[in-house]
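Please read the structure below before turning to the comments.
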Amino acid sequence: METELEIKIVVQQLLPLLIKYDNGKINYQIQKLKDINEIIDSDMNSSEKKEILKDMSKNIYPPQGGLTDFYVWDNDNSKRIEINQAISALNGKLWNLIK
């Protein structure tokens with residue numbers, strides 16, 4: 001249950017960033033993150049949720065593309081670094097929670 005809450009918190013922090021900086025190439029992953037919230041809030045037991053989330057991680061973090069390869073470009077170097085570090089940190093947390 002604690003892990004589910006952690007996943008929900010990370011997704012709630014990550015989604016607004018991805019939506020704000022979406023370049024049209026991660027719409028599928030954004031939808032999958034929204035689906036994660038629905039799964040966490042569902043009546044399924046924890047083992048079912050864990051299995052579904054593990055399968056979803058393959059879609060969110062495929063070998064090429066997906067959130068792993070998503071970077072934000074901004075002409076302001078410090079702003080670009082700040083945004084990408086935040087997204088990368090949240091991606092890493094989510095990956096470790098759902099893999």
Somewhere in region 47-65, is a residue in a loop (DSSP other than H, G, I, E, B), in contact with a helix residue (DSSP H, G or I) (Cβ under 9 Å, 6 or more places away or on another chain), at negative phi and not acidic (Asp, Glu)?
yes
So which residues in region 10-25 are free of Cβ contacts under 8 Å to residues at least 40 places away in the same chain and open to solvent by less than 80 Å² (accessible area, probe 1.4 Å), if there are any at all?
Leu15, Pro16, Asp22, Gly24
With the condition kept exactly as written, say whether any residue in region 68-76 is under 12 Å from Val11 (Cβ atoms), open to solvent by less than 30 Å² (accessible area, probe 1.4 Å) and out of contact with any Asp or Glu (no Cβ under 7 Å at 6 or more places or on another chain).
no
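In this structure, does Lys34 turn out to be without any contact (Cβ under 8 Å) to a residue 60 or more places away in the chain and open to solvent by 100 Å² or more (accessible area, probe 1.4 Å)?
Details: without any contact (Cβ under 8 Å) to a residue 60 or more places away in the chain: yes; open to solvent by 100 Å² or more (accessible area, probe 1.4 Å): no.
Answer is no for this residue.
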Which residue is nearest to Ala89 (Cα to Cα), if the candidates are limited to region 37-58 and must be free of Cβ contacts under 8 Å to residues at least 24 places away in the same chain and open to solvent by less than 40 Å² (accessible area, probe 1.4 Å)?
Ile39
Met44 vs (1) at pLDDT 95 or above; (2) hydrophobic (A, V, I, L, M, F, W, C); (3) not in a helix (DSSP H, G or I): all pass except (1)
Mind checking whether some residue in region 78-95 is part of a loop (DSSP other than H, G, I, E, B), at pLDDT 90 or above and surrounded by fewer than 17 Cβ atoms within 10 Å (Cβ to Cβ)?
no
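The values are calculated or read from the model by the stated rules, or taken from the named source; none is laboratory data. In this text, all values refer to a predicted model and were calculated from it rather than measured experimentally. A quick note on method: Cβ atoms are made from the backbone with ideal geometry, for glycine too, and the neighbour counts reach across all protein chains shown. The protein model used for the area step is the full one, side chains on, heavy atoms only, and it has no ligands, DNA or RNA in it. Shrake-Rupley method; radii C 1.70, N 1.55, O 1.52, S 1.80 Å.
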